[in-house]
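What follows is calculated from the coordinates using simple rules that are stated; it is not laboratory data. Quantities reported herein were computed from a predicted structural model and do not represent experimental measurements. Positions of Cβ are backbone-derived with ideal geometry, glycine not excepted, and every protein chain shown enters the neighbour counts.
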Ligand code: NAI
């Protein structure tokens, strides 16, 4: 079988070569777009990331194409109707990093609860005194999880291990989390009023944009901490800056900031084609960065070796199962 891969990094080539033996493999670093010139006429299986544009024009370059394995969750870059017309099946990678993001969320929580950043900075300066470093236990505190979907449920599982009390808010309740981890679903105002730490795990859409605004912040328990590993747009940055300044919030742990470009899929950030201007920050974000009560990571929660490897191994599995005539993760089945 002739299999073409686009938008590949070197480590990915090595993995694919080891795991897809006895096939004709063709690798390209660039994305596949309408003006691509090399001969693709023999290609039967294609694998791309989101910067490739799979439309009628690109498809016409591959008369023998039967299967596309996108190395992404989203598939906006593929004309699914055009694929259907040509009986080309398409698979994606539905999930890969739920525990990864949840672990990062706890990295932020623990960094705040145990003053890890100032502790390290002090020791680097040769100062081993404990002044200003007293933290607080998680055990017995209340964590409010807003959004109990794929990532939220891993946060809840981990929170249970820390013996945190767990409140949840979601418009679709998951009763398994209630029985398994003692999660209690409550309306959002109750969650805000009663949580010592609030963690956001929702998509950013018109219903959730600026969910954490001035009014919602006024409901938050005095001295609580806010964690965001989802999307910057969930929080009104100005309201957050004010809440930190007036002491309403004791601190914040943020992996995402409001001014980032609309990122559909985290893996985009690692791509050479990701526009660098997307990482420019405005004044409110700069105020956050300089605030000692705030710790910020650069949208890095998804970025573990294992999560990236899961994308690739799921893609290889998608291709292998297609070849064995038992395709999985099909979008257009
Ligand atoms: P998910 O779709 O599995 O879960 C989202 C939950 O939010 C669902 O349970 C849904 O019912 C709930 N929800 C949606 N709209 C709601 C509303 N208006 N009111 C109440 N509940 C609502 O999503 P997942 O995979 O857990 O991702 C959560 C967030 O994490 C997303 O914003 C995603 O983009 C972000 N993310 C961030 C990463 C990072 O590296 N920082 C990596 C991967 C995802």
Peptides 27-40, 241-254, 80-93: what's the order by average Cβ count within 10 Å, highest mean first?
241-254, 80-93, 27-40
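What are the semi-axes of the equivalent ellipsoid of region 102-201, taken as the square roots of 5 times the eigenvalues of the Cα gyration tensor, listed largest first and rounded to whole Å?
30, 12, 11
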Round to the nearest 10 and give me the degree value, 0 to 90, for the angle of helix 150-161's Cα axis relative to the longest principal axis of the chain.
40
Give me Rg/Rg_expected for region 65-124, where Rg uses Cα atoms only and Rg_expected = 2.2 N^0.38 Å with N residues.
2.05
Restricting to Cα pairs under 8 Å and 6 or more apart, the percent relative contact order of region 1-47 works out to 61
Based on the Cβ-Cβ distance of residue 36 and residue 321, what FRET efficiency does E = 1/(1 + (r/R0)^6) give at R0 = 22 Å, to the nearest 0.05?
0.20
Does anyone have the angle between helix 10-19 and the longest principal axis of the chain? Alpha-carbon axes, 0 to 90°, nearest 10?
60
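Send over the per residue convex hull volume for the chain, Cα only, as a whole number of Å³.
Roughly 164 Å³ of hull volume per residue.
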Take the Cα gyration tensor of region 201-251, multiply each eigenvalue by 5, square-root it, and list the three semi-axes largest first, rounded to whole angstrom.
19, 11, 9
Does anyone have the angle between helix 98-113 and the longest principal axis of the chain? Alpha-carbon axes, 0 to 90°, nearest 10?
20
Give the span of region 1-150's Cα atoms along each principal axis, as three whole-Å numbers ordered largest to smallest.
69, 35, 30
For region 33-100 and region 104-167, compute the distance between their C-alpha centroids and round to whole Å.
41
